[in-house]
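Below is one structure, written out as structure tokens, with a few remarks after it.
The values are calculated or read from the model by the stated rules, or taken from the named source; none is laboratory data. Everything numeric here is computed off the predicted structure, so don't read it as measured data. In this analysis, Cβ positions are derived from the backbone assuming ideal geometry, glycine residues included, and neighbour counts consider all displayed protein chains. Keep in mind that these areas ignore ligands, DNA and RNA; they rest on the heavy atoms of the full protein, side chains included. Shrake-Rupley method; radii C 1.70, N 1.55, O 1.52, S 1.80 Å.
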Amino acid sequence: MHAEADDPEASSGYPTGAPRRACGNPWAQEVGADGRGERAEEEDDEGLSPATSAELGARRLTSALSSMFGVMVSPSDADPFERRFAELDGAGSFRELAQRDSLDFEGRELAALPERISDLKSLERLLLANNQIMELPSTLAHLPALQVLVLAGNHLGRLPENFGALGPSLGLLRLEGNRLVDLPESFANLTQLHWLELQRNSLESLPEQLGSLSNLEMLRLDHNRLVTLPESIGELQRLRFLRLGKNFISALPASVSRLTNLELLAAERNRLEELPDDIGGLSALETLDLEYNLLAGLPASIVRLRSLRSLRVNGNRMWRGVPPGFHKWAPEDTALGPLNRIRDWRFRFA
């Protein structure tokens with residue numbers, strides 16, 4: 001679900017502070033409804049709060065643009081990204097989007113997100129897959145209700161340093177098919193994540209605090225450039241599915257053996273030379289895919305994998321062979337124990 005040229009910066013397109021008389025406002029001579037002109041109106045702004053002044057500024061720009069182009073223009077229309085967002089959703093203005101709890105802009109050729117996306121405080125689902133987004137605004141992290149964020153199939157090369165501020169609510173994050181090389185340190189703050197897809201990127205490393213994602217159940221890291229995994233991965237006690245295929249990993253950290261809820265471990269097409277001695281501690285493991293690595297053998301503890309249903313070790317060296325009583329070709333061997341229940345065996349060695 002997957003890194004990577006800079007994205008045009010979105011601006012609000014209208015004044016956000018107090019009136020700027022000293023700047024020579026090009027619309028300062030516009031006549032207001034009371035006939036006094038805008039300068040007189042500006043004088044009435046003295047003492048107003050910044051928010052109120054900003055609202056007045058927005059109204060002035062709206063009126064000026066409407067006069068210039070002969071059409072009614074909303075303040076948000078001054079920003080092309082905000083206008084594009086509103087049009088995609090069928091809304092009359094960007095401000096209307098603030099009422100939405102879900103936006104689906106998948107495959108809409110978006111190249112950027114508006115800076116004011118943080119105004120969408122009610123947003124729970126944001127689907128942006130298969131666009132052309134190169135960079136995310138830091139304001140994206142200020143969506144307190146966001147639970148689902150899908151950014152798969154874009155051109156992201158990095159994430160904002162404050163990306164982890166989405167932590168309090170974000171449960172599903174799909175970043176597959178981008179160009180990410182690393183993740184910001186704040187990523188470890190996404191502690192409510194249950195589902196994380198990072199496959200088909202260019203990740204070379206992971207945050208050492210990866211284990212902080214304590215609610216994670218699905219983790220996809222396949223098709224990257226990883227050489228090692230952080231030892232803290234063993235702290236992901238709720239993890240059920242771990243995909244590591246097609247990386248450059250030479251060894252799994254010993255802590256992997258503590259993932260007692262893990263049901264699937266797929267580490268095919270890496271450079272694994274050995275497995276942790278206590279791999280048998282994965283008591284819930286049903287599928288173990290180790291095809292096309294450099295394994296010389298399997299540890300004796302593997303016979304303790306009582307839930308195992310699929311074991312794939314094709315394309316390994318296996319010069320040390322397998323533990324006694326392990327072969328499916330000798331089912332009468334009582335040492336086989338619980339492994340006689342395996343239904344998917346793949347044992348063609350290199």
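Quick notes on this structure:
- Residue count for the stretch 134-144, restricted to those that are assigned to a loop (DSSP other than H, G, I, E, B) and touching a Leu at 6+ places or on another chain (Cβ under 6 Å): 2.
- For S186, the criteria (1) in a loop (DSSP other than H, G, I, E, B); (2) under 14 Å from the mean Cα position of the chain (by Cα); (3) farther than 22 Å from E109 by Cα hold in every case but one, which is (1).
- Unmet criterion (only one of (1) out of contact with any strand residue (DSSP E or B) (no Cβ under 9 Å at 6 or more places or on another chain); (2) of a type in the set (S, T, Y); (3) in a loop (DSSP other than H, G, I, E, B)) for T228: (1)
- For the stretch 109-122, the condition of being open to solvent by 50 Å² or more (accessible area, probe 1.4 Å), modelled with pLDDT of 90 or more and touching a strand residue (DSSP E or B) at 6+ places or on another chain (Cβ under 8 Å) holds for none of the residues.
- Of residues in the stretch 281-315 being among the acidic types (D, E) and touching a Leu at 6+ places or on another chain (Cβ under 9 Å), the one surrounded by the most Cβ atoms within 10 Å (Cβ to Cβ): D289
- Scanning the stretch 203-224 for residues that are open to solvent by 50 Å² or more (accessible area, probe 1.4 Å), over 18 Å from F248 (Cα atoms) and within 11 Å of the chain's Cα centre (by Cα) turns up nothing.
- Unmet criterion (only one of (1) of a type in the set (V, I, T); (2) open to solvent by less than 20 Å² (accessible area, probe 1.4 Å); (3) assigned to a loop (DSSP other than H, G, I, E, B)) for I233: (3)
- Residue count for the stretch 236-280, restricted to those that are assigned to a loop (DSSP other than H, G, I, E, B), open to solvent by 60 Å² or more (accessible area, probe 1.4 Å) and of a type in the set (D, E): 3.
- Neighbours by Cβ (under 8 Å, 6+ apart or cross-chain): first from the stretch 253-272, of a type in the set (V, I, T); second open to solvent by 60 Å² or more (accessible area, probe 1.4 Å): T260/Q237; T260/S283
- Scan the stretch 281-314 for residues that are in a loop (DSSP other than H, G, I, E, B) and over 32 Å from the mean Cα position of the chain (by Cα) and the total you get is 7.
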